[in-house]
Amino acid sequence: MGIILVYDITDEKSFENIQNWMKSIKENASAGVQRLLLGNKCDMEAKRKVRREQADKLAREHGIRFFETSAKSSTNVDEAFSSLARDILLKSGSRRSGNSHRPPGADLRACDKKSSRCSLG
C-alpha cells in the first residue's frame, strides 16, 4: 500500500535512479499506491551532492511527499513513516466510507516507537 523511495544525498547516482524506480512503480505497482521520497544522510551536509531543491522539485512533479532524513541520527525518520501511514489510512478510509474530507491523522492515534506499530482509532 506504500512505497518509500530512498536516495543518498551524498550520491548523485542514487538520486538519478529514483526516476527509474518511479517509472517501474508506475508500470508495475497497484494504481494509487502511496509513495514517499526520502533523501537519507542529511547529517552529512558537508558531503552533499544532491540539492534539497532538486528532490523537492522531483517530489512535486510526481505529487508525492518528500523528507530529508538521517538513519544515523534518526532525523525525520518517525515523521516520514508516520506521514506515509497517515496517507495510507486516509486513502483506505476514503475508499471504504466514501469520505475524503477527514482531517489528516484522524485514524492514526499513536505510534509505539519500540514496536514501530501504529494504533488505529
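Of all the criteria given as (1) at negative phi; (2) at pLDDT 90 or above, the one not satisfied by residue 96 is (2).
Considering only residues in the stretch 11-41 that are buried (at least 18 other Cβ atoms within 10 Å of the Cβ) and among the hydrophobic types (A, V, I, L, M, F, W, C), the one that is nearest to residue 87 (Cα to Cα) turns out to be 36. Inside the stretch 66-81, residues that are in contact (Cβ under 8 Å) with a residue 24 or more places away in the chain and either more than 17 Å from residue 15 (Cα to Cα) or surrounded by fewer than 16 Cβ atoms within 10 Å (Cβ to Cβ) (or both) make up a count of 8. Within the stretch 11-43, the set of residues being part of a loop (DSSP other than H, G, I, E, B) and hydrophobic (A, V, I, L, M, F, W, C) comprises 29, 31, 33, 42. Beta carbons closer than 6 Å, at least 6 apart along the sequence or on distinct chains, pair a first residue in the stretch 46-61 that is under 12 Å from residue 15 (Cβ atoms) with a second that is of a type outside the set (Gly, Ala, Ser) and in a loop (DSSP other than H, G, I, E, B) for 48/9; 49/10; 50/9. For the stretch 7-36, the candidate set comprises residues that are among the hydrophobic types (A, V, I, L, M, F, W, C) and touching a residue at least 40 places away in the same chain (Cβ under 8 Å); within that set, the residue that is nearest to residue 60 (Cα to Cα) is 36.
The values are calculated or read from the model by the stated rules, or taken from the named source; none is laboratory data. All figures in this text were calculated on a predicted structure; none of them were measured in a lab. Don't worry about glycine lacking a Cβ; one is built from the backbone with ideal geometry, like all the others, and counts go over all protein chains shown.
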